[in-house]
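Below is one structure, written out as structure tokens, with a few remarks after it.
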Ligand code: SF4
């Protein structure tokens, strides 16, 4: 959170980090540090999917070589599943992608964000904010994944609140989710473990060579073609008026707590319950529990500027909600 011209500027991801762990927020958003070790594989996969799907919607041919075979299969399947003969999305007329917004929650709090895309649904002609997600969880309707998005997801609420404050009228959020394939590549059976039939053939469940990348990709494509709805789901999310009010309360309360935490400096509390939240240690675990200093360049480095941060650094925030097509 940055204060400029007396206005606190925050984003959804920053508030999320703060709610998860105030110390993590301090390291990441106040001191602007990040671990030198590469980001987790799950995050990298998610970012790669996000980039390629964004290319489809911008009408730009993506660089598939940045993706692993199973993700290549996933994003190619996505385009085949939702694309029309011209390669355009057959459900949505995409108007713009990577659409920044900023809204004043009160005279002292500005929330910045970015919609992945904005378009018009072809069936209902409703303006739609598009949010691309990838997940390793079950994404079938009725799953806990969708229950959370439908009721609790504060990012969705924030988007709908932003569109309301910008006077867009009736708007929906289209949550566009891709399931990361849980199919492993097949490798050659170690020579010492190979077993043969009487005819001298290797047993069917054993291999004498690694599966090639192309074979692996084709196998994943085959599974996607058999059950595309297992891998691709789009859900429309709406919110009621009282949910917007609660969301504004949440933002104001969170910003207040962040101001207090900022004053506390290094005395800000840790949340040890969050250290292994995503099935791996938090990137600041070495600083919190391993005796490393977060400013030590052998463990941590300055965080690279996000586009939002770069905007904040460029100048004072505008004091009105804004958006133009
Ligand atoms: S290691 Fe745990 S306590 Fe430390 S910043 Fe990460 S989540 Fe917070």
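By the count of other C-beta atoms within 10 Å, a proxy for reagent exposure, 68, 143 are ordered fewest to most as 143, 68. Taking the C-alpha atoms only, the angle from helix 41-58 to the longest principal axis of the chain is near 80 degrees. Can you give me the Cα centroid spacing of the range 59-83 and the range 221-294 in angstrom? Cα centroid to Cα centroid, the span is 27 Å. Among beta bridges from DSSP that stay inside the chain, the antiparallel ones total about 70%.
Ranked for footprinting exposure by Cβ neighbours inside 10 Å, fewest first, 295, 165 give 295, 165. The C-alpha atoms of the chain define a longest principal axis, and helix 69-82 lies at about 70 degrees to it.
For the range 134-283, the alpha carbon positions stretch 74, 45, 24 Å along the principal axes, listed from largest to smallest.
In terms of other Cβ atoms within 10 Å, 288, 21 run from fewest to most in the order 288, 21. The C-alpha atoms of the range 203-282 occupy a region whose extents along the principal axes are 65, 38, 19 Å, arranged from largest to smallest. From most to least packed by mean Cβ count within 10 Å, the peptides 177-186, 9-18 give 9-18, 177-186. Size estimate for the chain follows the Kirkwood approach: the inverse of mean 1/r over distinct Cα pairs works out to 22.4 Å. The C-alpha atoms of the range 91-167 occupy a region whose extents along the principal axes are 41, 28, 19 Å, arranged from largest to smallest.
Placing one identical point scatterer on every Cα of the range 90-132 and ignoring solvent, what is log10 I(q)/I(0) from the Debye formula at q = 0.24, 0.28 Å⁻¹? Cα-only, vacuum Debye calculation for the range 90-132: -0.77, -0.89. Comparing 97, 189, 197 in a Gaussian network model of the chain (Cα springs below 10 Å), the most mobile by mean-square fluctuation is 197. List the relative contact order of the chain as a percent without decimals, with contacts defined as Cα pairs under 8 Å and 6+ residues apart. Result for the chain is 25 percent. Give the angle, between 0 and 90 degrees and rounded to the nearest 10, that separates the Cα long axis of helix 241-264 from the longest principal axis of the Cα atoms of the chain. Helix 241-264 sits roughly 80 degrees off the main axis of the chain.
Pair-distance distribution P(r) for the range 205-251, from all Cα-Cα distances in 5 Å bins starting at 0: 5, 15, 11, 12, 9, 8, 7, 6, 9, 7, 5, 5, 1 percent.
Read the figures in this text as sums done on the coordinates, not as results from a lab. Quick caveat, the model's predicted, so the values are computed rather than measured. For neighbour counting, all protein chains shown are included, and Cβ atoms are generated from backbone atoms with ideal geometry for every residue, glycine included.
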